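Please treat every number below as a calculation from the coordinates, not as lab data. Everything quoted here is computed from the prediction, not taken from an experiment. Don't worry about glycine lacking a Cβ; one is built from the backbone with ideal geometry, like all the others, and counts go over all protein chains shown.
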Amino acid sequence: MKKNNLGILGLFLAIFIFTALQNDSFLGAGNMQNLIKWSSLYAIIGLAVAFVVITGGIDLSIGSVIGLVASVLALMMGKGINPAACLVVVVVLSAGIGLLHGLLITKVKLQPFVVTLCGLLFYRGLARYLTDNQSMGFQGHDALDNFFSGKMPIGSNFFLPAPFFFLVLVAVLATVFLNRTVWGRYLFALGNNENAARYSGINTDHLKILAYVVCSTLTGLAGVLFAFELNSVQPASTGEFYELYAIAAAVLGGCSLRGGTGSVLGLIIAAAVIRLLYNSINMLGISTHLEYAIIGAVILAGVIADELVKRYAVKRRAAKALAEEAARR
């Protein structure tokens, strides 16, 4: 495990152990399954936004894309359209949204913040218009519901939720792509220094477009998972604020908003920390009115601590280099 992941792992363990000591029900099978499920869902959208954050970009439309995908899926399936065709449509829709974002950013030269902020508003409004802002469900589709939100037994009374297996698949693919392929190395190079990457022959526009397509496609997958997990879609609220959780998980997990850095494992742990905080607040009987304040404070403290550790490490390396240079003289 990389050193920069140890801090976030320590934070997770501290919160986990403290909550377990304060409430005996915390370690119950039902609560652990719930924690794994929601941590997996948050980690998937965190991995989605990580692809664009690594390039130095941002995507504020993730929550609204989840809402739109869930709404379109429920709307089409409610009309009796073949479920497989519905899934293909929402995947293509998600990828198309990413392609649109990438083209507006690279070809029209708009800022990612502006493009995705407008997307946040537009996709939410479109979802409400298409559905007449009516809540919808997935009754009569038990096979799909079991596939996307079911559980797999691994013991006499413990089950792993389906989102966990989707997370494992996405995490493995993301790790291989980012660390074992030339395109992954190019993404990090782009985030570190776009001009240098361009002068070295890297097609930075194509890479940015790829990053936004991957981000939106993974977000579309998350939209399907959230839809079946909730078993109900409210166009005005499904996915609301999820982009903030995704970005928080990415940053807390080691992605710099300046681009060029990122860790799949660190991000997964960070997503688990965010969901663990929600769970701990409920388990400890803390007022839910304080949950956003507590989560915000803990995330801020974690990011500050991580930044201080990084600065200290840089100073140590610089001092060591100077000492070695002086010794050679």
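Within the set Gly67, Gly119, the sole residue that is surrounded by 19 or more Cβ atoms within 10 Å (Cβ to Cβ) and either of a type in the set (S, T, N, Q) or touching a His at 6+ places or on another chain (Cβ under 7 Å) (or both) turns out to be Gly119. Just to be sure before I move on: is Ser40 hydroxyl-bearing (Ser, Thr, Tyr) and under 18 Å from Asn279 (Cβ atoms) in the structure I sent? Spelling it out, Ser40 is indeed hydroxyl-bearing (Ser, Thr, Tyr) and under 18 Å from Asn279 (Cβ atoms). Which condition number does Ile286 fail, the rest of (1) aliphatic (A, V, I, L, M); (2) over 20 Å from Leu218 (Cα atoms); (3) buried (at least 19 other Cβ atoms within 10 Å of the Cβ) being met? Unmet for Ile286, out of (1) aliphatic (A, V, I, L, M); (2) over 20 Å from Leu218 (Cα atoms); (3) buried (at least 19 other Cβ atoms within 10 Å of the Cβ): (3). Checked across the stretch 25-42, the condition of being out of contact with any Cys (no Cβ under 8 Å at 6 or more places or on another chain), more than 24 Å from Pro153 (Cβ to Cβ), surrounded by 17 or more Cβ atoms within 10 Å (Cβ to Cβ) and not aromatic (Phe, Trp, Tyr) holds for no residue.
Checking the stretch 262-284 against the condition returns a match, with at least one residue being outside any helix (DSSP H, G or I), within 24 Å of the chain's Cα centre (by Cα) and of a type outside the set (Val, Ile, Thr). Under 21 Å from Ala143 (Cα atoms) and in a helix (DSSP H, G or I): is that true of Leu75 in this structure? Yes: the conditions hold for Leu75. Taking the listed residues Ile105, Ile81, Ile58, the one that is part of a loop (DSSP other than H, G, I, E, B) and touching a residue at least 40 places away in the same chain (Cβ under 8 Å) is Ile58, with no other qualifying. Condition check for Ala85 on (1) surrounded by 15 or more Cβ atoms within 10 Å (Cβ to Cβ); (2) touching a helix residue (DSSP H, G or I) at 6+ places or on another chain (Cβ under 9 Å); (3) farther than 30 Å from Gly285 by Cβ: one failure, at (1). Does any residue in the stretch 290-314 that is over 17 Å from Ile269 (Cα atoms) come within less than 8 Å, Cβ to Cβ, of a residue that is in a helix (DSSP H, G or I) and among the hydroxyl-bearing types (Ser, Thr, Tyr) six or more places away or on a different chain, and which pairs are these? Close Cβ pairs satisfying both conditions: Glu291/Tyr278.
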